[in-house]
Every structure is written in structure tokens, then in C-alpha cells.
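A quick write-up on the structure given underneath.
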Amino acid sequence: MCGIVGYVGPRDTVPILINGLKRLEYRGYDSAGIAVLNSEISIVRRLGKLKELENALVENAPSGFVGIGHTRWATHGKPSEENAHPHSDCSREIAVVHNGIIENYMLLKEELQLRGHVFTSQTDTEIIAHLIEEKYDGDLLAAVKSAVKELRGSFALAVISKHEPGRLIAARKDSPLICGIGKGENFIASDIPAILGCTRSVLLLEDNELAEVTCDGVKIHSLDDLHVEREILTIHWDAEAAEKCGYEDFMLKEIHEQPLAVRETIRGRFLDGRVTLDEASNLTDDMVKKVSKIFVVACGTSYHAGLVGKNAIEKWTRVPVEVDIASEFRYRDPIIDSNTLVVAISQSGETADTIASLREAKKKGAKVIAISNVVGSTITREADGTIYTHAGPEIGVAATKTLVSQMAAIYTLALYLAQVRGTLSQAEISKTIHELNEIPDKIATLLQDISPIKKCASEFSNCKSFLFLGRGIGVPVALEGALKLKEISYIHAEGYAAGEMKHGPIALLEKDVPVVVVATKGHTYEKVISNIQEVRARGSFVIAVATEGDSEIKQHAEHVFYVPETSELLSAIPAVIPLQLLAYYIAKIRGCDVDQPRNLAKSVTVE
């Protein structure tokens, strides 16, 4: 959630802050603001999109060489100009921006009010500015360090003070924050894209660390007053990768990038018909052979990738797999021991519930493999091994290319486990590797003609409800199809196992409730056809996702989206893509913002 940008250097800070915040719009927000330090701290905040803030700055932009900016996604206090960041202390001599949640803010606020502090917002963030005000005695670093020791919860902070005009202090706990290293100028941000246009050299802050940022450099300190040495990373993303490249929306661009995303995820991981996972080197063959149970923990779209993984892992390794929503797993006291393997999936690597689940699992002795798209993210640093998806930056809030990359990664992990445990023959592994290598070209073929999907979208864009059905590997595809539609078009949609339809959802069926059925070739195909007949008998129109060459399906559906043939287990990747496009075109017809759907954020770093 939210976005942070900060700058110290010789240039006018306002354009740098605004450009950085624009690169973070994909995270989702409802208000924005900046604080610029000169002889005084000037704060400008606006409700709504960044354009509102830009308009406010046209005639009255503050000038200065130190500043912080923020895009807010409301947690404490409604979206409003008063609740927008940055927040200041009583004398407006200190300004703070904050991502995360301060869990003990009410207790701290009551204590601060008793000591005479006056608050102007309903946010938890404002108490941080007042705490620092109380602690300040000529050293901003010491004051921030003392203040954060009293905070419970998660935070990424950036702080400036009127009395220290060349200095910015940042702090981090359970919320991402990075420092950008330039020449005679330095930056902080909550995500790498914010500073890519200015530098490719970054330092990653760890939990309970602070950064002292000046134009001369960045010094990292621990809460225990230790100086920390940290390797500078070089980011190899092309800055243009975060632009639309001629596509109308980031989401459409990222849908069309899926062949490359899958190819990059599996690149270098198959050699001479075998799977190599150098990132999992901390898991010895002996450990893998002793694994008696596997948990997959994830949220949202990543959870659906986990369901695909369950099918593959159980089929290929014969090890039982549970897939848990991370927000439930972390609180239900799961039965875990040293022979348990936990697979934690998070696109950003900063999903709060998934990080907490990972920590809970490790505390109980489990080994953890992370699947993430962001190098150096919290989940990748804390796991025993990581499979990076290498999908490149995904700007659209609704996950598309990162989903298929996660599927490719978990298929690769499943094959690796089967290889080490000896549950698949070498011939079976080689055959599956060959099929996985063909997936990118099959996606590219599928994307060449999307006119049937556009036509279908125009026919059903005014419907108020959809039902998505599948069996076997088609169930997570159906769940993801329903999620995409509701996320970006705001149409109610439910995903169900097709055999479960008779146990409730069938009551919803009528002419104006279209049913999308994942009917690709597989061992339950005939059962799916029977479920389609039950749908048609109730007057609902059927939209089917089917395998190329299946002429029979045309007798049972008003619309058919064909996908290239592949093995049943791998069919989830091509099958999900028509459903992404269906959601996209319905949303566009309805005039929805597909890149930044209402109330959603790209990186969910709070509970």
C-alpha cells in the first residue's frame, strides 16, 4: 500500500518527488502530498489522484533541495486532505511520511495529548511526528531512533526537520524501503521504480534499520547504535519497462508480455532434461527426501497459483499439500515440524500476511521456499531459498504476467522435488520440461487473435453477475477468472468447483447470469460437459474455454475461447489468459480504470 519518495541533493526537489510518486501509482492510493525543506517546511496535500496535487503546485510550488512525498491508501481515517501525508508536529518543524500501521497509536496519542500535543488528523501516522518532536534535541537521527523504539506495528518512515536542512532520516520495520545512490544526490523510496529514472544503484534497508541520507551519501544504522555496511545493488531493469510502450493500459501491455515472462522464469532452470534450482541450494537432497508435508501460503492471485501448485506437486511427488490463505495460516496454529516444507508466494515479496506466515513456519522448524518477483524483498531475504519469477515490473494492480510466472515457477519446483525424490522417471521429467518450454510460444499464438473475446465482452458487459466453473486444474483458473472480473469491472463474480454448483450456486442461474466454464481437455472433461448441460437447462448462457480442435464444445456453449493444447496439468497457464482478456475488455467497455481499480493496491503491506 502507499508510496514513499524522498530526495536530498542539488536539484529542485518537487519534480523529482512528483515523478517518483507517478512511478508508484500502481500501488493504489486515495490522496497525495509532499513536504519540501528550505528555511521552512512547506507541505502541500490533496485528496484524489496525483493530478490534483500537480494542479495545486502549478502556481505555488515550494522550492528546496530536500523533500519527501507520499501517496496514501487509507487505513486510519477516511480519505481526505487532512489525513493525507506528510504529517507534521505542533510547530510544523518536523514532517513525516509513513507506510504501514502503528498498532499502539491510540495509547501513544492519548499520552501525547495529555502532554499538550494537538492533533489535526485521524491517522496513526501523525503521532510519529509528535513523538519525534518530543525526542528532538538537536539530532534528528537520535530522535527518530528513540521514537521508533516506542512504536508497535509496521512502518517505513521518512523524516525531515527544519533544523537540519541537508538531512533526511528513514526507518524501516516490516514495510519495504530502499535508498538510491546518486552522484552528489541520494534518494529513498518504498519501491525501486520510483527512482529508476535517477539511479540504478540501491541499498536495501532491513527491519529495525535507519538510513541517514545526505547529498554526500547514505549511512545505515541499527536500532542498537551500530553502523551497518551494506552492499550496493545494481538494478538491470530497463526504465522503459515501466512505461506503456504503445499499449492503451499497463494491464494490456502486461497481458501481452506473458510469453516473455514465462520464458524468463524458466530460463536456465532446465539443463539436459533435468531441473536445476541453484536458489534452493540450502535445501539439501536429504532434506527434500525427508519432506512429509508441504504447505503453500499466499494471498489473492498468488493463492490461485498455489492451488495450481498443489495439483502439480501432489501428482508428481505424492506428498500431501495444503494451500492456505496466508492471513488464516498465521493465526490457526498449523501442525509443522522439521520435515515440513512451506512455499510462500508473493509477487511483491512484501505481503504482510505472507511474511508473517513465513516467520511462523520457520519458528516451528519448517524450511521455506519463496516465490517472488522482487529481488531483495523481505520474503526472499528470510526464506531458505527463492525462485525468482523474473517477470519484470508489473504496474497494473491486477496481477497478470506475475500470475503465469508464479505458475511456471511452482511447476518448476514441483518437477525439482519429483526429481530429487525419484517419483518421476527421467523420461517423464524430460517430457514435462519440453512441454513447459513450449508454453511461451503457445501463449503468443493465443494472443494473436483476441477478437472472439472482444465480441463476447461487448455482449455481456452489462450483466450484474457471473459464475465461473472448473474441475481439477480448472478450479483455480475459474477462481482467478472470477477474481479478475470483480477486481477491474466491479461486476459480482463467483468461482466454483463445477461439481459443487448443485450445492447452492445453481440457485443463481438465469438468463442474465452468464456462466464461464473452463472445459479444456482432461480426465474430467465429460463431467464438465454434464455440468454445462445443467447450466443451460436453467437458461444461462455459457462461455467456454476449450482446447483447440474440440468441435464438440460448440454444441454446448454460446461462445468458445480456444487455447493451444498442452498436457492437462500445464493447461492452467494458457486457460487463464482468455479470462484475463475477458475481464479487461468488459472493464474497458464499462469505463473502469483497469490499471488502478478502486480500493485496491498492488502491494498489500498491512493486515
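Normalised per residue, the accessible area of the chain is 38 Å², obtained with a 1.4 Å probe and no contribution from ligands, DNA or RNA. Remark: segment 562-568, residue by residue, has Karplus-estimated 3J(HN,Hα) of 8, 10, x, 6, 8, 5, 4 Hz, where x stands for each Gly or Pro and the curve is 6.51 cos²θ - 1.76 cosθ + 1.60 at θ = phi - 60°. Annotation: extensible slack from SER567 through ARG11 equals 194.5 nm (criterion: 0.36 nm per residue apart, minus Cα-Cα distance). Measuring r between the beta carbons of LYS49 and LYS290 and using R0 = 56 Å, the FRET efficiency lands at 0.60. If R0 equals 41 Å, the separation of the Cβ atoms of HIS163 and ARG381 corresponds to a calculated FRET efficiency of about 0.70. Taking the charge dipole of the chain about its Cα centre, with +1 at Lys and Arg Cβ atoms and -1 at Asp and Glu Cβ atoms, the residue from ILE543, ILE410, VAL218 reaching farthest to the positive side is ILE543. Using a/c under 1.5 as the rounded threshold, could you call segment 1-119 rounded, prolate or oblate? The axes a ≥ b ≥ c are square roots of the C-alpha gyration tensor eigenvalues, and prolate needs a/b larger than b/c, oblate otherwise. Judged from the Cα gyration tensor, segment 1-119 comes out oblate (a/c at least 1.5, b/c at or above a/b). Look at the Cα gyration tensor of segment 37-102: its axes a ≥ b ≥ c give a/c of at least 1.5 with a/b at or below b/c, and that counts as oblate.
Using R0 = 56 Å, the C-beta based FRET efficiency linking GLU558 and ALA427 works out to 0.85.
Which residues among segment 122-142 fall inside the zone where the amide N is under 20 Å from a point 7 Å beyond the Cα of ASP216, along Cα→Cβ? Backbone N within reach: 138-142. A P(r) calculated from all alpha carbon pairs of the chain, with 10 Å bins opening at zero, reads 3, 17, 25, 24, 17, 10, 3, 0 percent. When only Cα pairs below 8 angstrom with a gap of at least 6 residues are kept, the chain shows a relative contact order of 12 percent.
Note on ASN599 and LEU233: their simple-model spin labels are 3.3 nm apart, each label 7 Å out from Cα toward Cβ. When Rg and the Kirkwood radius Rh are both evaluated on Cα atoms of segment 185-250, their ratio Rg/Rh stands at 1.08. Computed per residue of the chain from DSSP H runs no shorter than four, each worth -39500 (n - 2.57), the mean residue ellipticity at 222 nm is -10500 deg cm²/dmol. Note: relative contact order over segment 112-262, using C-alpha pairs below 8 Å and six or more positions apart, is 15 percent. Projecting the Cα atoms of ALA171, ALA61, ALA370 onto the charge dipole of the chain (Cβ charges, centred on the Cα centre) puts ALA370 farthest toward the positive pole. Give the whole-number value, in cubic angstrom per residue, of the convex hull volume spanned by the C-alpha atoms of segment 385-462. It is 148 Å³ per residue.
Taking the charge dipole of segment 298-369 about its Cα centre, with +1 at Lys and Arg Cβ atoms and -1 at Asp and Glu Cβ atoms, the residue from CYS299, LEU358, ILE313 reaching farthest to the positive side is ILE313. In percent, rounded to a whole number, the relative contact order of segment 340-429 is 23, using alpha-carbon pairs under 8 Å and six or more apart. The charge dipole of segment 5-61, taken about the Cα centre with unit charges on the Cβ atoms of Lys, Arg (+1) and Asp, Glu (-1), comes to about 240 debye, rounded to the nearest 20. If I take all pairs of Cα atoms in segment 533-575, what percentage of them are more than 13 Å from each other? Pairs farther apart than 13 Å: 56 percent. Approximating the spin labels as points 7 Å out from Cα along Cα→Cβ, the SER551-to-LYS527 distance works out to 2.8 nm.
Extent of segment 478-607 along its three principal axes (Cα atoms, max minus min coordinate, largest first): 43, 34, 31 Å.
Other residues lying with their Cβ under 13 Å from the Cβ of VAL477 contribute a combined charge of 0, Lys and Arg counting +1, Asp and Glu -1.
The spread of Cα positions in segment 239-360, taken along each principal axis and listed from longest to shortest, comes to 50, 41, 25 Å. Between helix 13-23 and the chain there is an angle of about 20 degrees, using the helix long axis and the longest principal axis of the Cα atoms.
All other residues whose Cβ lies under 14 angstrom from that of LYS183 are scored, Lys and Arg at +1 and Asp and Glu at -1, for a net of 0. By DSSP, the beta bridges lying fully in the chain are antiparallel in about 60 percent of cases. Reported value for segment 75-200: 112 Å³ per residue, from the convex hull of its C-alpha atoms.
Measuring against 22 Å, Cα to Cα, the residue pairs LYS289/LYS362; LYS145/LYS364; LYS293/LYS363; LYS486/LYS554; LYS484/LYS554; LYS442/LYS527 contain LYS145/LYS364; LYS486/LYS554; LYS484/LYS554; LYS442/LYS527 as the ones spanning a longer distance. Its Cα centre serving as origin, the chain has a Cβ charge dipole (Lys and Arg +1, Asp and Glu -1) of approximately 1140 debye. A viscosity of 1.002 mPa s and a temperature of 20 °C, combined with the Kirkwood radius over C-alpha pairs in the Stokes-Einstein formula, give segment 132-217 a diffusion coefficient of 161 µm²/s.
The values are calculated or read from the model by the stated rules, or taken from the named source; none is laboratory data. Being a predicted model, the structure only gives us computed values, none of them experimental. Every residue, glycine as well, gets a Cβ built from its backbone with ideal geometry; the counts of neighbours run over all protein chains shown. Heavy atoms of the whole protein, side chains included, go into the accessibility calculation; ligands, DNA and RNA do not. Shrake-Rupley method; radii C 1.70, N 1.55, O 1.52, S 1.80 Å.
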